[in-house]
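The values are calculated or read from the model by the stated rules, or taken from the named source; none is laboratory data. Everything quoted here is computed from the prediction, not taken from an experiment. Cβ placement follows ideal geometry from the backbone for every residue including glycine, while neighbour counts extend to all protein chains displayed. To get the accessible areas, we keep the full protein, side chains included, count just its heavy atoms, and leave off ligands, DNA and RNA. Shrake-Rupley method; radii C 1.70, N 1.55, O 1.52, S 1.80 Å.
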Amino acid sequence: MKSGQISHTVPDRIDAEADVVVIGAGACGLVAALRAKAAGAEVIVLERDPSPSGSTSMSSGFIPAPATRFQRGIGTEGDTPQRFEADIMAKSKGKSAASLARLATQTIGPALEWLADRHGLEWIVLDDFLYPGHSRHRMHAVPEKTGVALEARLLAAVEAAEIPVVTEAHATTLYAEESGRISAVEISRPDGAREVLGCKALVLGCNGFGGNAALVRQHIPEIADGLYYGHQGNTGDALAWGETLGARVDHLSGYQGHGSLAHPHGILISWALMMEGGIQVNADGMRFSNEHGGYSEQAVNVLAQPGGVAWNIYDARLHAFAQGFPDYQEAMAAGAVREAGDVAELARFTGLPVAALVSTLTQIAAYQSGEAADPFGRDFAGKPALVAPFHAVKVTGALFHTQGGLMIDDQARVVRDDGTEFANLFAGGGAACGVSGPDVSGYLSGNGLLTAIGFGFVAGHAAGTSVVSG
Ligand SMILES: Cc1cc2nc3c(=O)[nH]c(=O)nc-3n(C[C@H](O)[C@H](O)[C@H](O)COP(=O)(O)OP(=O)(O)OC[C@H]3O[C@@H](n4cnc5c(N)ncnc54)[C@H](O)[C@@H]3O)c2cc1C
């Protein structure tokens with residue numbers, strides 16, 4: 001069954017109805033559903049998979065939020081939505097959609113506090129390292145520090161709120177009146193059966209187009225030959241619906257890349273390793289970039305190296321630090337992390353030229369002591385020098401998720417090309433335009449879940465109140 005279709009006919013039947021239908025059971029859809037229900041609406045969530053997971057489950061689950069009581073609880077001072085917004089705009093060199101950056105940064109703190117107060121989600125704040133571009137420790141996570149646990153906790157909240165999540169329900173067609181009002185959603189079942197759900201409002205929480213190779217090649221050719229490491233079911237249906245309806249779309253070339261995916265294991269190796277002193281070298285044993293620029297743009301830098309791979313090199317201090325990340329534990333169990341007693345052994349098992357490795361490590365020591373300046377512009381001061389024994393992981397660059405999508409207003413209502421809003425169509429998360437601008441380098445760590453939870457929070461409330469207030 002072809003998806004992403006719009007029908008301007010009246011549905012031949014309505015099998016069920018809800019005030020608010022939400023498409024997608026990732027972070028955006030689940031938060032939107034909780035908010036719409038809290039506003040008094042009857043809500044149904046549609047999810048194409050047999051068991052909801054989405055990119056949310058694949059994520060590290062780190063959500064940046066300023067000025068929450070959880071952040072204050074660890075003693076972080078001086079963070080505000082305005083400061084966070086400035087960090088977002090600085091990372092994208094001012095190219096993020098300003099209205100969306102403001103909406104996201106003002107909403108995410110209240111969203112996390114609401115999820116805690118109303119639905120019992122617990123948040124911790126990570127304060128042992130700063131991701132590139134964040135001026136304050138503001139990464140929140142559930143105590144397990146995984147996306148799997150975040151998704152599970154949101155699903156448990158949705159279940160407790162008695163919101164049905166209909167799985168194996170692939171939304172294929174939206175029924176739209178001439179005015180653009182959405183009246184129903186058609187779903188396709190695995191056996192080919194079709195069902196039609198009437199709705200008064202529709203929230204698109206079905207992420208972007210990372211799982212659609214043709215669209216990736218069309219809009220983001222620079223990463224089309226890289227691995228897609230997001231949820232395969234995110235095939236761009238929101239974009240297709242929006243474009244057919246005449247919605248404004250923006251920043252389709254923007255995306256979250258990552259330059260540290262263990263290869264060939266396909267396990268995320270936290271960028272915290274680089275921030276705390278690790279380096280990346282290519283097959284020639286040479287550094288090729290400022291690793292503190294950001295992990296997103298590093299996807300392209302790594303793919304440009306011989307064989308499209310690099311080695312993360314670090315030491316026992318950082319190996320111990322990284323074990324606090326569940327992904328890293330997984331990488332260790334999979335045999336992706338190697339240990340070497342000295343540079344000669346490091347060269348042997350990585351296959352890197354020993355002379356180049358020695359030279360690279362010598363240069364790093366000079367940058368660290370201030371005897372020389374890194375030609376790539378990285379500031380090595382303040383972190384201890386790398387010392388034997390060494391650790392190494394072979395990594396590649398990947399596309400994690402797309403950042404472009406449907407433009408929304410401050411109620412998360414989808415906006416047309418002419419600036420007018422659709423009456424009852426809302427979007428958030430990867431379905432909406434993000435806050436990273438049009439370039440891979442514009443992605444500030446956490447921009448993904450920021451807009452999934454932040455815009456889902458706004459969309460669900462606006463959709464719910466719009467149907468309840470009539
Ligand atoms: C490895 C990795 C690590 C990451 N780490 C972080 C992080 O630490 N912090 C951060 O902020 N971001 C991170 N991200 C990005 C983050 O995961 C996403 O931005 C976020 O999960 C998007 O949420 P969403 O609800 O929009 O989409 P998803 O969680 O992908 O949910 C979309 C759902 O919609 C369903 N769907 C799609 N089309 C249809 C359809 N037609 N009908 C029915 N259902 C449909 C999908 O099956 C899916 O379940 C990471 C991403 C990856 C891949």
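Brief remarks on what is shown
- Extreme residue, nearest to Pro66 (Cα to Cα), among residues of segment 144-186 that are open to solvent by 50 Å² or more (accessible area, probe 1.4 Å) and under 19 Å from the mean Cα position of the chain (by Cα): Lys145
- Check on Ile88, within 15 Å of the ligand (Cβ to nearest atom), over 29 Å from Arg413 (Cβ atoms) and either in contact with a helix residue (DSSP H, G or I) (Cβ under 9 Å, 6 or more places away or on another chain) or in contact (Cβ under 8 Å) with a residue 40 or more places away in the chain (or both): no
- Test: residue in segment 281-293 that is away from the ligand (no atom under 16 Å from the Cβ), touching a His at 6+ places or on another chain (Cβ under 6 Å) and either farther than 19 Å from Asp327 by Cα or not in a loop (DSSP other than H, G, I, E, B) (or both): no
- Checklist (1) open to solvent by less than 60 Å² (accessible area, probe 1.4 Å); (2) out of contact with any Asp or Glu (no Cβ under 6 Å at 6 or more places or on another chain); (3) polar (S, T, N, Q); (4) in a loop (DSSP other than H, G, I, E, B) applied to Thr107, failing item: (4)
Okay, residues lined up against (1) out of contact with any helix residue (DSSP H, G or I) (no Cβ under 8 Å at 6 or more places or on another chain); (2) hydroxyl-bearing (Ser, Thr, Tyr); (3) within 10 Å of the ligand (Cβ to nearest atom):
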position: Pro164; (1), (2), (3): yes, no, no
position: Ala169; (1), (2), (3): yes, no, yes
position: Ser179; (1), (2), (3): yes, yes, no
position: Gly210; (1), (2), (3): no, no, yes
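- Residues (closer than 30 Å to Leu268 by Cα and either basic (Lys, Arg) or open to solvent by less than 10 Å² (accessible area, probe 1.4 Å) (or both)) located in segment 404-435: Gly404, Gly405, Leu406, Ala427, Gly428, Gly429, Ala431, Ala432, Cys433, Gly434, Val435
- Cβ-Cβ distances below 6 Å connect the following pairs, each with a first residue in segment 220-246 that is assigned to a loop (DSSP other than H, G, I, E, B), a second residue that is open to solvent by 80 Å² or more (accessible area, probe 1.4 Å) and more than 8 Å from the ligand (Cβ to nearest atom), and a separation of six or more residues or different chains: Ala224/Arg217; Gly246/Asp417.
- Considering residues of segment 187-206 that are of a type in the set (Lys, Arg) and within 14 Å of the ligand (Cβ to nearest atom) only, the residue least open to solvent (accessible area, probe 1.4 Å): Arg189
- Options His263, His251: the member that is touching a Pro at 6+ places or on another chain (Cβ under 7 Å) and either at pLDDT 95 or above or within 30 Å of Gly419 (Cβ to Cβ) (or both): His251
- Matching residues, segment 290-326, being free of Cβ contacts under 8 Å to residues at least 24 places away in the same chain and open to solvent by 50 Å² or more (accessible area, probe 1.4 Å): Ala304, Ala320, Gln323
- The lone exception for Ala16 - which of (1) touching a helix residue (DSSP H, G or I) at 6+ places or on another chain (Cβ under 9 Å); (2) within 29 Å of Leu154 (Cα to Cα); (3) open to solvent by 30 Å² or more (accessible area, probe 1.4 Å) it fails: (1)
- Qualifying residues in segment 110-142 (those that are open to solvent by less than 50 Å² (accessible area, probe 1.4 Å) and β-branched (Val, Ile, Thr)) - the one farthest from Leu444 (Cα to Cα): Val142
- Hits in segment 44-84 - residues which are closer than 24 Å to Ala272 by Cβ, surrounded by 16 or more Cβ atoms within 10 Å (Cβ to Cβ) and away from the ligand (no atom under 12 Å from the Cβ): Pro66, Ala67, Thr68, Phe70, Gln71, Thr76, Asp79, Arg83, Phe84
- Sole residue being over 23 Å from the mean Cα position of the chain (by Cα) and not β-branched (Val, Ile, Thr), chosen from Gly208, Gly242, Gly192, Gly259: Gly192
For (1) in a helix (DSSP H, G or I); (2) of a type outside the set (Gly, Ala, Ser), each residue gets a yes or a no:
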{"position": "Ser55", "(1), (2)": "yes, no"}
{"position": "Ser60", "(1), (2)": "no, no"}
{"position": "Ala67", "(1), (2)": "no, no"}
{"position": "Asp79", "(1), (2)": "no, yes"}
{"position": "Arg83", "(1), (2)": "yes, yes"}
{"position": "Lys93", "(1), (2)": "no, yes"}
{"position": "Leu103", "(1), (2)": "yes, yes"}
